[in-house]
Amino acid sequence: MDIFLNSKTCNRKINNESSDCYFHLPALEIDTLKERVFIKVKSASIPYSWYNVNDYNNILDLLIDGDNRSFSIPIGNYNVNTLLIEINLLLIDFDITLSYVLKTNHIIFNSPSIFTFLASSTIDEILGFNNNVSYISHEIIIDSVTSYKLESVNGFNLFQVRQIYISSDNFQIDNMSNHNPNNRSTLLAVQVLGNPNSIITYNDSSENSHEIHNVTNLTNLHIKLTDEMSRPLLLNRMNWSLTISIIFKKR
């Protein structure tokens, strides 16, 4: 049996996000004593509509002259040049500038005064810093002039969503992720290919499927699309479609 789903016609969206939907379906009679039940995602069409700088990763926190300063980068799609222009505008009153080193793909902060990149920043991975780590600028002296510099430890990275997890807590299967190994509701991980504002498609014509160990209340089917950190995709209210197959096999 195939179930065709479209977020546009779902019955309820959590926080008005199309990536977190409930669908009301007719009741299915499943006799688990007589039948084994399997599930697979046959196809998916998902808009690549989230911004690379969004509510999850747009905060830059710095300690400047002993004061904690928090800067919110406007949400949107950026490349390295447009993002640094935006951040430099936010920091212009503090004499801190960011530059990009093409050869190493690193970001460099420069300032006439000491400052600290704080662990509470959420833009850390984009700018090439490790999560939940603070970094103190170091002193450099050129021609008797003292300034402070901080270079990222990793490469600049705007590719924040690498896989889309399609999950449903109506089912318990054997799939798991290392981020949340106790969650056994992930039906599929779809690779993010293509460019922003395109459509990500998935098709599976194989016979592969996953046995369902526990089925709960399919009359209220819950489907979530998340990133690898289990956060709902911010699809900007654009809609997706799925085809799910429920397969019954006699014991």
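Summary of computed values
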quantity: FRET efficiency, LEU90 to ASP204 (Cβ-Cβ, R0 51 Å, nearest 0.05); calculated: 0.70
quantity: Compactness index (Cα Rg / 2.2 N^0.38 Å), the stretch 1-101; calculated: 1.83
quantity: Computed over the stretch 104-251, the ratio Rg/Rh where both radii use C-alpha atoms and Rh is Kirkwood; calculated: 1.16
quantity: In nm, spacing of pseudo-spin labels at THR146 and ASP67 (7 Å Cα→C-beta vector); calculated: 2.2 nm
quantity: Spherically averaged projected area in nm², based on the convex hull that wraps the Cα atoms of the stretch 59-151; calculated: 6.2 nm²
quantity: Value at 222 nm in deg cm²/dmol, rounded to 500, when DSSP H runs of n ≥ 4 in the chain each add -39,500 (n - 2.57); calculated: -1500 deg cm²/dmol
quantity: Fewest-first ranking of MET1, MET229, MET238, using other Cβ atoms within 10 Å as the exposure measure; calculated: MET1, MET229, MET238
quantity: Computed over the chain, Cα set: Rg, Dmax in Å; calculated: 23.2, 84
quantity: Longest exposed-site-free window of the chain, the sites being GluC sites (Glu not before Pro) in a DSSP loop that have at most 15 other C-beta atoms within 10 Å; calculated: 30-206
quantity: Total lysine pairs under 20 Å (Cα atoms) in the chain, excluding pairs fewer than 8 apart on one chain; calculated: 11
quantity: Environment charge at ILE73 (Cβ cut-off 15 Å; Lys +1, Arg +1, Asp -1, Glu -1); calculated: -4
quantity: 14 Å beta-carbon shell around ILE140, net charge (K/R +1, D/E -1); calculated: -2
quantity: Distant-in-sequence amide H partners of ASP169 (H built 1.01 Å from N, under 5 Å); calculated: HIS222
quantity: Cut-off 12 Å between beta-carbons: net charge of the residues surrounding MET229, Lys and Arg +1, Asp and Glu -1; calculated: -1
quantity: Inter-label distance for LEU102 and ARG36, nm, one decimal - labels placed 7 Å from Cα along Cα-to-Cβ; calculated: 5.8 nm
quantity: Modelled FRET efficiency - R0 25 Å, ILE14 with LEU158, Cβ distances, 0.05 increments; calculated: 0.40
quantity: Equivalent ellipsoid semi-axes, the stretch 118-204, via Cα gyration tensor eigenvalues times 5, rooted, Å; calculated: 41, 17, 8
quantity: Loop trypsin sites (Lys or Arg not before Pro), the stretch 27-105, which have at most 14 other Cβ atoms in a 10 Å radius of their Cβ (DSSP); calculated: LYS34, LYS103
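All of the numbers you see were taken from the coordinates with simple rules; none came from a lab. All values reported here derive from a predicted model rather than from experimental measurement. Don't worry about glycine lacking a Cβ; one is built from the backbone with ideal geometry, like all the others, and counts go over all protein chains shown.
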